[in-house]
Amino acid sequence: AKEGGRNRCKFYQEEMNARLGQRLSLAAKLRHALERDELLLHYQPQVDLRSGAIVGAEALIRWRHPELGLVPPSQFIPIAEETGLIVPIGEWVLHAACVQAQSWAAMGLPRIRVAVNISARQFRHKGLLESIQQALRLSGIPPGYLEVEITESMIMYGPEETIRLLRNLKDLGLQIALDDFGTGFSSLSYLKRFPIDVLKIDQSFVRGIVSDREDAAIVKTVIGLAHSLELRTIAEGVETAEQAGLLRGWASDEVQGYHFSRPLDADAFIGRLREGRRF
Ligand code: C2E
Ligand code: CA
Ligand code: CA
Ligand code: CA
């Protein structure tokens with residue numbers, strides 16, 4: 001039995017080493033991803049439930065590596081955070097998303113918002129305000145059409161500092177969304193103290209609204225709460241017509257999810273905007 005235990009231990013150690021090795025080589029490859037043009041953005045439509053029109057797009061990063069293929073953000077964003085690579089990558093995302101949004105307007109398509117995810121480390125980095133200003137200036141998009149998505153855990157890290165930073169961002173004129181709302185541990189009083197414009201209701205709640213009474217109660221209540229605080233709501237991860245119907249009944253402002261569209265590459269997204277379809 002002792003022998004078996006030792007073997008298991010050895011096996012475990014080897015597996016850990018292999019995984020660490022994978023992470024290290026992924027980190028090394030990620031270091032070159034920017035300069036080698038391997039990063040790109042996909043765009044997922046955000047639909048206004050009253051008009052049925054696309055009113056926004058969330059920019060979602062993709063990494064196309066020549067040998068590894070498409071690496072999902074869940075695999076490389078944490079590595080980018082640990083290594084600090086998230087700072088230059090995040091700057092690239094901001095710039096590319098704003099330039100893309102400006103190009104839609106330049107094509108004569110209706111102007112829509114573009115939403116960009118900000119990671120925790122990027123949020124605490126001193127250069128964030130400057131890089132947002134630069135992305136706005138170089139792209140020429142009106143600031144009100146840029147939405148930055150932050151999470152609850154990020155605002156809890158240093159509430160006083162965070163309020164100051166968010167005020168500065170608001171002074172630029174952009175929109176601030178609280179992503180994955182309901183999954184963190186933030187106090188509801190934060191909603192009052194922080195200058196937030198939008199609550200994105202996490203897909204883990206939206207998933208159950210048709211079959212689960214508690215999920216339905218939570219989502220309906222969060223929409224009501226948001227509206228009493230004059231916040232806009234975006235329900236995420238909407239996959240079925242039934243879910244969309246309930247959310248319309250509860251008056252969520254916007255929805256996003258596979259039922260409306262998967263994230264699309266830049267060309268497919270332009271095609272979708274051109275169609276001008278109402279959902
Ligand atoms: P997120 O910000 O919560 O983004 C929503 C995720 O849900 C996206 O996954 C999207 O493709 C997926 N999704 C959208 N609709 C549905 C649906 O109806 N059903 C289901 N099951 N999923 C849906 P994705 O693109 O793999 O991104 C995963 C996470 O990676 C994001 O979660 C975000 O935290 C992070 N991420 C993506 N792009 C960036 C970026 O540019 N910068 C940073 N810092 N993080 C990013
Ligand atoms: Ca997001
Ligand atoms: Ca989310
Ligand atoms: Ca339940």
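The values are calculated or read from the model by the stated rules, or taken from the named source; none is laboratory data. The structure displayed is predicted, hence computed values, not measured ones. Counting neighbours? That spans all protein chains shown, and the Cβs are built from the backbone with ideal geometry, glycine included. For the accessible areas, the whole protein counts, side chains as well, though only heavy atoms, and no ligand, DNA or RNA atoms are used. Shrake-Rupley method; radii C 1.70, N 1.55, O 1.52, S 1.80 Å.
With respect to residue 192, determine if the residue is open to solvent by 50 Å² or more (accessible area, probe 1.4 Å) and more than 15 Å from ligand 4 (Cβ to nearest atom). So residue 192 fits the description; yes. Scanning the range 36-77 for residues that are among the charged types (D, E, K, R) and either within 19 Å of residue 95 (Cβ to Cβ) or part of a loop (DSSP other than H, G, I, E, B) (or both) gives 36, 37, 38, 50, 58, 62, 64, 67.
Return the residues of the range 140-164 that are within 16 Å of ligand 1 (Cβ to nearest atom) and at pLDDT 95 or above; say none if nothing qualifies. If the condition is that a residue be within 16 Å of ligand 1 (Cβ to nearest atom) and at pLDDT 95 or above, then 146, 147, 148, 149, 150 are the ones that fit. No other residue among 91, 130 is assigned to a helix (DSSP H, G or I), in contact with a helix residue (DSSP H, G or I) (Cβ under 7 Å, 6 or more places away or on another chain) and open to solvent by 10 Å² or more (accessible area, probe 1.4 Å) apart from 91.
Residues that are assigned to a loop (DSSP other than H, G, I, E, B) and of a type in the set (Asp, Glu) were ranked within the range 225-253; the one that is surrounded by the fewest Cβ atoms within 10 Å (Cβ to Cβ) is 230. Going residue by residue through the range 21-42, is there one that turns out to be of a type outside the set (A, V, I, L, M), closer than 30 Å to residue 244 by Cα and surrounded by 10 or more Cβ atoms within 10 Å (Cβ to Cβ)? So far as the range 21-42 goes, yes, one or more of its residues are of a type outside the set (A, V, I, L, M), closer than 30 Å to residue 244 by Cα and surrounded by 10 or more Cβ atoms within 10 Å (Cβ to Cβ). When 210, 198, 206 are checked against the criterion of being open to solvent by 50 Å² or more (accessible area, probe 1.4 Å), within 22 Å of residue 47 (Cβ to Cβ), in contact with a Leu (Cβ under 8 Å, 6 or more places away or on another chain) and at pLDDT 95 or above, a single residue qualifies: 210. Sub-7 Å Cβ pairs linking a first residue in the range 200-214 that is more than 16 Å from ligand 2 (Cβ to nearest atom) to a second residue that is of a type in the set (A, V, I, L, M, F, W, C), at least 6 apart or interchain, are 209/216; 209/219; 209/246; 210/246, ordered by first then second residue.
Output the residue which, of all residues in the range 141-189 that are polar (S, T, N, Q) and in contact (Cβ under 8 Å) with a residue 24 or more places away in the chain, is least open to solvent (accessible area, probe 1.4 Å). Per the stated criteria, the residue is 162.
Tallying residues that are away from ligand 2 (no atom under 16 Å from the Cβ) and either hydroxyl-bearing (Ser, Thr, Tyr) or closer than 12 Å to residue 120 by Cβ (or both) within the range 85-103 yields 2. For the range 234-261, residues that are out of contact with any strand residue (DSSP E or B) (no Cβ under 7 Å at 6 or more places or on another chain), away from ligand 4 (no atom under 16 Å from the Cβ) and not polar (S, T, N, Q) total 12.
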